[in-house]
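One structure is given below, encoded as structure tokens.
The values are calculated or read from the model by the stated rules, or taken from the named source; none is laboratory data. Owing to the predicted nature of the structure, the values given are computational and were not obtained by experimental measurement. Methodologically, a virtual Cβ is constructed for each residue, glycine included, from the backbone with ideal geometry; neighbour enumeration extends over all protein chains shown.
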Amino acid sequence: MVYHIVNIVVYIVSIAFAMVGLSCFRFDQYVRKNKEREFHIFFIVASVALGYLFASFILAFGNLSFQF
């Protein structure tokens, strides 16, 4: 039970870190005026994808370190 809660927390925190990390780039220079909604959808999908990859790495690294 605790393992699943830790996994969920790690995924949520890593997605939040990805959103903060992506927000430091100035993507607004490259977005057309009438395509802001599509950009926000892309931003959320990219944040979830990067957060998932980062969380998977952290959890796999944690599992390997506990095995040794």
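What pairs come up if the first residue lies in region 55-68 and is part of a helix (DSSP H, G or I), the second is hydrophobic (A, V, I, L, M, F, W, C) and at pLDDT 90 or above, and their beta carbons are under 7 Å apart, counting only those six or more places apart or on different chains?
So the pair list comes out as A55/V10; I58/V10; L59/V10.
Output the number of residues of region 1-54 satisfying the condition of being in contact (Cβ under 8 Å) with a residue 12 or more places away in the chain and outside any helix (DSSP H, G or I).
Looking only at that region, the number is 0.
Identify, by number, the condition in (1) loosely packed, with under 10 Cβ neighbours inside 10 Å; (2) within 25 Å of Y3 (Cα to Cα) that L50 doesn't meet.
Among (1) loosely packed, with under 10 Cβ neighbours inside 10 Å; (2) within 25 Å of Y3 (Cα to Cα), L50 violates only (1).
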